[in-house]
Amino acid sequence: MGSLSFLGFLFGVLVMGSLSSSHAHKFLVGGKDGWGSNPSENYNHWAGRNRFQVNDTLLFKYKKGSDSVLVVTKDQYNSCNTTSPKQSLTDGESVFKFDRSGPFYFISGTGDNCKKGQKLIVIVLAVRNKTRHAPPPSTAPVPKPPVSPSPTAETPASPPTTQPPVAKSPKGESPQPAGVSPSDMEPPAPAPAPAPAKSSAPGFTGSVGLALGISIGVSVVLGSFVGMV
C-alpha cells in the first residue's frame, strides 16, 4: 500500500514538472544579432518588448573565447564592474534559467563592451497563485429609522364651563343660583290682551237712518207742494 502511495506521489511530481516545463519559454537575447558589442537594438529595449516568468530561459549566442556573459548585482551593472560576478558564462551558447521573480542584471565580461551598451536588465514577473478567494461576506441591510409623524398644531382645549353655585333656599322653595335676585326669578307679567276691533255696525245704522229721514222729508215737501197746486 505504501509503495502505491509513493508511486502516485512520484507520478504527480513528474506531471507537474512536465506542465511547468511546457509553459516555460526560451528567449534568444538580442534576436538575430545575438550577444555583441554593437547591437541594432538596445538590449533593454528588447527586454521591454517581452514578458519573462519563472522557469523561462535566456540564450546568449556569441563567439566563444572572445566574449562572455556575467551575472552581476545592480551596483556592478551600473558601474560595469566585471570583478567578482555572481555567475560567469563563457561557452558561446550560454543558457540562463530564471529561478525566481524580480530583476536580473547581465553585462559583457570583455573590455569596455559593457560601457558601449552590451548590458541587459530582465524583470521576471511574480508567480500568480491560482487560489480561490472567498467572496466577501454580504452585509446585512441597514434598517431605516422609523419616520416620526410631523407635529400638527393642536387645537387648544376650550376651558370648562363653570356654573354659578346654587344658593340654598328655605324649605318649600326652589333653589336659586347664587348672585341672582328674587325679582329676576319672577315670571314675566302677562302681555295685555289686544283691544277688540271696533265694529262698523253703528256707522252703517246711522247712514240708513239719515237716508230714511231725507226721504221722508222729501215726501212731506212734495205732498205740501201738490196740495197747494
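A few points about this structure:
- Number of positions in the stretch 29-43 that are under 13 Å from Leu120 (Cα atoms) and surrounded by 13 or more Cβ atoms within 10 Å (Cβ to Cβ): 9
- Tally of residues being loosely packed, with under 13 Cβ neighbours inside 10 Å and touching a helix residue (DSSP H, G or I) at 6+ places or on another chain (Cβ under 9 Å) across the stretch 86-113: 2
- Meets criteria (at pLDDT 90 or above and exposed (fewer than 10 other Cβ atoms within 10 Å of the Cβ)) for Arg49: yes
- Residues in the stretch 61-85 that are among the polar types (S, T, N, Q), surrounded by 15 or more Cβ atoms within 10 Å (Cβ to Cβ) and outside any loop (DSSP other than H, G, I, E, B): Gln76 only.
The values are calculated or read from the model by the stated rules, or taken from the named source; none is laboratory data. The structure presented is a predicted model; accordingly, all values stated were derived computationally and were not measured. Note: ideal-geometry Cβ built from the backbone for every residue, glycine included; neighbour counts use all protein chains shown.
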